[in-house]
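These notes concern the structure reproduced below.
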Amino acid sequence: MTMSVNHSTSKPVIIALDQGTTSSRAIAFDEHFVPIVSEQREFTQHFPQSGWVEHDADEIWSSQLAVLKSVISSVQSNGHSIKALGITNQRETTVLWSRKTGRPIWRSIVWQDRRTEPWCKQQRDAGLSEYVHKRTGLVLDPYFSASKLVWLLEHVAGARKAAEAGELAFGTVDSWLIWNLTGGRVHATDETNAARTMLYNIERHEWDDTLLARWHIPKSVMPEVRASAGDFGSALESVLGISVPIRGVAGDQQAALFGQGCIEAGEIKNTYGTGCFMLMNTGAEMVSSKHGLITTAAASTSASFKDSRAEIRAISTANGRYALEGSVFVAGAAVQWLRDGLGIIKESNEIETLARTVNTTDDVFLVPAFTGLGSPYWDANARGVLVGLNRGTTKGHIARACLESIAFQSAELALAMQEDSGSKIKSLRVDGGAAANNLLMQMQADLLDAPVVRPKVLESTARGAAALAFLGANPDLKASEVVQVFAAKNQIEREFVPTISRDQASEKLARWREAVKRSLNWGQV
């Protein structure tokens, strides 16, 4: 467990729960949305079979509760009061639990898990791809929650019968945390997380009855969908020692989009974490991608959510109803593989130093398709490849190729967004742990032919959750007013500008795509 504390004058704070793929964090923010206390705890990753990735939902809860209680203790000891809680979470990861006992009936199936690709192929072969894309904005892929929920209902003994009897509750990780914080009184999610299940009609803003019926999912297992900035009940005193209202919830990437201040149509951000997730705010317009991106819900206020449910389309772009998204499944996880799998670095932050021992990759390319490829390829059978090796290849070349792979994958997303939106990206706002890597950020600017802007505070995801909770606790405020407050504090730490020509960038991307071809459909060979 790691912890940091920055003392400041005593004023109300908002605590954001940032439940990620590898760790649970809690961060307290002051009235300017500046972090003052943070704590983090890692939890176990389970890989039962090839392509399977699971978490223990009870361990997720216990780790999140531990860091939350510690942060509460720290802020109270410094005389602060706690105004509200915000929650942001790893998306798509699927939890199914008993309403009676509150215990999961199986480990959580993580967003990276690929076990349901045969089921997804059956649905694609049955001609459902177009309907799914039109209604949910997504592609029929194991990445999303629906296939994971179907797997649990079909493979866990007694699950189907219990679900049909109304005894089970399904949720993404946010719903699981809300359930536990409220002692089972609230079974809810927000629209950004609902939009990642492949069961939510993003145009009508409701669960899609046709898909639920087609896949034999009882509607009784589904959580209630609410606005991202709104009322999700209160954490109980019996759970935390104090009662605290939960007023903001958003999936991690939509929270980061809001936390970066991307509330106007056309603004774009990329988060560099376990994976990379690039989102472009498209305002009230649902943009359908022709280049392998998905259409998803952006964080909503209570007012904009109610307007959408009433089918009112004249919504201010400041409420950011929709977004285009591209997903890279393996980014920071590739660096972890170099550390834990190959052992060529001891700590993840050593990769930049190692990569700088060479000036180029010497035509070595790493395609980290360890769990398939996401946007724009959507190939669940792709597998990782390392090509271009020769007797002169060193650890430095492989480390540099690893960093380049993150930049290449993200560049492909940005180029697809340019095509779909019809406008060139003016700049890319970045956050996440790997955004601190200067070499990677320079690679990204070079490939995009656009500036990469890195803020001083990289906690955009938790910051966005805190801002949404502040909005939920102050419903008379507008999203733009809140963003103005923290935008003033979100100062630019560094801007990376391109140092190579567009032709050079295009040549690099073309060579990268040749390497990608070697990885496609390898799982079926």
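The values are calculated or read from the model by the stated rules, or taken from the named source; none is laboratory data. Values in this document were obtained by computation on a predicted structure and should not be read as measured data. Note that each Cβ is placed from the backbone with ideal geometry, even for glycine, and that neighbours are counted across all protein chains shown. Side chains are part of the model used for accessible areas, which takes the heavy atoms of the whole protein and leaves out ligands, DNA and RNA. Shrake-Rupley method; radii C 1.70, N 1.55, O 1.52, S 1.80 Å.
Against the conditions (1) within 20 Å of Ala333 (Cα to Cα); (2) part of a helix (DSSP H, G or I); (3) modelled with pLDDT of 90 or more; (4) within 23 Å of the chain's Cα centre (by Cα), Thr461 satisfies every one except (3).
I'd like the full set of residues that are in a helix (DSSP H, G or I) and open to solvent by less than 10 Å² (accessible area, probe 1.4 Å), limited to region 320-352.
From region 320-352, those in a helix (DSSP H, G or I) are 332-342, 348-352; that's our starting set.
If the condition is that a residue be in a helix (DSSP H, G or I) and open to solvent by less than 10 Å² (accessible area, probe 1.4 Å), then Ala334, Leu338, Ile351 are the ones that fit.
Quick one: would you say Trp52 is of a type in the set (Phe, Trp, Tyr), outside any loop (DSSP other than H, G, I, E, B) and surrounded by 15 or more Cβ atoms within 10 Å (Cβ to Cβ)? Show your work before the answer.
Details: of a type in the set (Phe, Trp, Tyr): yes; outside any loop (DSSP other than H, G, I, E, B): no; surrounded by 15 or more Cβ atoms within 10 Å (Cβ to Cβ): yes.
No; evaluated as a whole, the condition is false for this residue.
Taking region 24-33 as the search range and keeping residues that are buried (at least 17 other Cβ atoms within 10 Å of the Cβ) and modelled with pLDDT under 90, which one is nearest to the chain's Cα centre (by Cα)?
Narrowing region 24-33 to residues buried (at least 17 other Cβ atoms within 10 Å of the Cβ): 24-30, 33.
From what is left, the residues that are modelled with pLDDT under 90 are 30, 33.
Details: Asp30: 24, Phe33: 20 Å.
It comes out as Phe33.
Return the residues of region 495-517 that are part of a helix (DSSP H, G or I) and open to solvent by 40 Å² or more (accessible area, probe 1.4 Å); say none if nothing qualifies. Selection gives Arg502, Asp503, Gln504, Ser506, Glu507, Lys508, Ala510, Arg511, Arg513, Glu514, Lys517. Within region 342-359, identify whether any single residue is in contact with an Asp or Glu (Cβ under 6 Å, 6 or more places away or on another chain) and not hydrophobic (A, V, I, L, M, F, W, C), and answer yes or no. No, because not a single residue in region 342-359 is in contact with an Asp or Glu (Cβ under 6 Å, 6 or more places away or on another chain) and not hydrophobic (A, V, I, L, M, F, W, C). Filtering region 57-70 to residues that are open to solvent by 10 Å² or more (accessible area, probe 1.4 Å) and in contact with a strand residue (DSSP E or B) (Cβ under 7 Å, 6 or more places away or on another chain) leaves Asp58, Ala66, Ser70. Is it the case that Ala399 is of a type in the set (Gly, Ala, Ser), open to solvent by 10 Å² or more (accessible area, probe 1.4 Å) and outside any loop (DSSP other than H, G, I, E, B)? Taking the combined requirement at face value, the residue does not satisfy it.
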